Amino acid sequence: MSEKLRVKNKSTRKNLTKITGGGGAEFDSSRKNVAATQTLTSRRTEETQEKVADEREASLDKTQSLSEPTKKPTSKPPPPPNAPAKSCRHQKTSPPLSPSSPPKTNQQQKKEDSKRKPRSSRFGIFLDVSKREKYSRKHSRKKSKSKEEEVDEANRTIRDEKRFLKKIAKYRKKKIQRICVCPMGRFYKITDFFEGLKTTVHRMKRVCCVACCPPCCCIVHNAAFWPPPCDYFYFLPPENWEPMRVHDADDVIIQLKRKNEVKKIRNARKGELDVRYHVGMRHPCADDIQKVEGFFLRTSRNNKIPCVHVKCPDGPARFTILYSHPNGSDLSDHLIGTPNFVDLARFYHCDVYSYDYTGYGISKGFPSEQNMYADVRAVYEHILLTVQPDKIVLLGYSIGSAATVSLFEMGLDPKPAGVILQAPPASILRVMAHLTGRPGNIEAESCCMDRFRVCEKIHDVNVPVLVIHGEDDRTVPIEHGKLICQRAVTRVTPEWVPGGTHDNIENCKEIWMRIRRFVKSELKLGQPKEEKEEDKKKK
């Protein structure tokens, strides 16, 4: 046996020299021989060490039993440092690793760590986030260092008007796209497909509702309203509730858990009239909406509509704005966009009230012209309970200008301080004639089937009227704004915005400065009390 072992040891030395010299093929061919010799030598050394250890234990037990018979036997001494580990004969020994074996990569280590992590039953679908983690790291939102620094930066941007005007002008020629940091589940493509299918079905449903009515008057009436899918809800926050900002996938899971614990109101009929609510967004990675209060009102046509109130963030408000939004948006579009209602209240130092038309957002029912007129009147009467009428400014955007002007049709008492119309349509048939390529004579008399005839109701407005329109507006041409301005009795100098379109007119800095001049110098509402007293003394 000793001669055979010596021969094998010589062969292993040759193979080991080949391994150290390099060469992957030579290493693979000699690996079996090396493993066989190592197992034989390890068995022999283990047997000899076991015998020596047993003899030592026997001698120690004899001495301890003579001196201290009640003492327990001592533990086995540790093996010497150079001795190999014990192994059973039936146990499979793994082959030795080569010195040139590559280390584990970061991806392999992450996979092993993810397998060890416990999976929760509730959010198990969000744990497979290997693809999404890369996406969120590249495009994740930057975390703030502290709350104090956030407040200082916010105050700095609030007071710096030039910076704010640059911010809104940035999104003048492009849409606002917010990067989603929600963790991707295993079936994220299926969920995205169904979400897109849901929006297309919503639009096709509206198209069928408009086109399937046989009378032309019904088609004209229904074509004016295009409510988007509802993306917001009202809720009552629990105690010690604080708003949260979402930065990464971990915050999304926390935010989703918070939203599931809150009782949501997605139908205005289930809401109470004398309760103030918070407004939340349905998307999991949407931030909590701050400085906005929601409430419900009942109209004269027995419809319940959602409304919002934004208080002036910088001290007491100098006046109040009643905002009527366009026909293709709801409250959620003006709460999280750029600019939004909070920017409006901050820039003009005012309070802002707005509402959703019947059939928009969480308000149920069917949108119609008469319902819209009842909605705006209910909100105006609610504002009069707390605000003086000479400190109210009505602002209508697109079809919202028809709702604003309708307040003066049957005689409005008390009257507001002024009216602002942004991109107002003369009537719905005139807009449809322009879109079909047959504009005709815009100054002709309206047809009996025509609806939302702002150009005929503008005579009843007996307060200062400011008309704002974009020169490049292709949806509602600038001729509509000029016709309304021409027929207005108490008009002021209008603002024709160069390069302004129907969708981005709010992102033009010219209208922000023009509205401020209109309110401050022409309506005398933007001045504080000290400046008003000085003006009276000078007069």
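The values are calculated or read from the model by the stated rules, or taken from the named source; none is laboratory data. Predicted model, so just to flag it, every value in this text is computed and none were measured. In this analysis, Cβ positions are derived from the backbone assuming ideal geometry, glycine residues included, and neighbour counts consider all displayed protein chains. Areas reflect the complete protein model, heavy atoms only, side chains present, ligands, DNA and RNA absent. Shrake-Rupley method; radii C 1.70, N 1.55, O 1.52, S 1.80 Å.
Extension gain L385-L273, at 0.36 nm per residue separation less the Cα-Cα distance, in nm?
Numbers: separation 112, 0.36 × 112 = 40.32 nm, distance 1.49 nm.
Length difference between fully extended and current span is 38.8 nm.
Short version: ³J(HN,Hα) in whole Hz for each residue of segment 510-521, in order, from phi by Karplus 6.51 cos²θ - 1.76 cosθ + 1.60 (θ = phi - 60°), x for Gly and Pro, what are they?
Rounded to whole hertz, the list is 5, 6, 5, 6, 5, 5, 5, 5, 5, 6, 7, 9.
Solvent-accessible area of L165, probe 1.4 Å, all protein chains present, reported in Å² to the nearest ten, please.
20
From the protein chains alone at 1.4 Å, what is the descending order of accessible area for R453, R430, largest first? The partial results should precede the final answer.
Details: R453 75, R430 30 Å².
Final ranking, largest accessible area leading: R453, R430.
Just for the Cα atoms in segment 274-321, what are the lengths along the principal axes, largest first, rounded to whole Å?
Result for segment 274-321: principal-axis Cα extents of 36, 35, 17 Å.
How do D343, D390, D413 stack up against each other in accessible area, from largest to smallest, with a 1.4 angstrom probe?
Sorted by accessible area, descending: D413, D390, D343.
Using the Karplus curve 6.51 cos²θ - 1.76 cosθ + 1.60 with θ = phi - 60°, work out ³J(HN,Hα) for each residue of segment 423-439 in order, rounded to whole Hz, and write x for Gly and Pro.
6, x, x, 5, 6, 6, 5, 5, 5, 5, 5, 5, 5, 7, x, 10, x
Which percent of the accessible area of segment 269-416 is formed by carbon and sulfur heavy atoms (probe 1.4 angstrom)?
46
Tell me, what is the 1.4 Å probe accessible area of E471, in Å² to the nearest 10?
100
Please sort 179-191, 416-428 by packing, taking for each peptide the average over its residues of neighbouring beta carbons within 10 angstrom, highest first.
416-428, 179-191
Order R282, R451 by their accessible area, 1.4 angstrom probe, all chains in place, largest first.
Result of the area sort, largest leading: R282, R451.
Less than 12 Å Cβ to Cβ from Y380, Lys/Arg counted +1 and Asp/Glu -1: what total charge do the surrounding residues give?
Working: positive: R377, K415; negative: D375, E381, D413.
With Lys, Arg at +1 and Asp, Glu at -1, the neighbours total -1.
What part of the accessible area of segment 418-468, given as a whole %, is carbon or sulfur when the probe is 1.4 angstrom?
Answer for segment 418-468: carbon and sulfur cover 53 percent of the accessible area.
Could you order the peptides 378-387, 223-232 from most to least packed, using the average number of other C-beta atoms within 10 Å per residue?
223-232, 378-387
Mind putting together the pair-distance distribution for segment 405-483? All Cα pairs, 10 Å bins, whole percent per bin, short to long.
17, 49, 28, 6, 0
Past the 24 Å Cα-Cα mark, which pairs from K415/K457; K415/K520; K259/K291; K198/K259; K173/K364?
K173/K364
How would you rank 512-519, 496-503, highest first, on the average number of other Cβ atoms within 10 Å across their residues?
Ranking the peptides 512-519, 496-503 by packing returns 512-519, 496-503.
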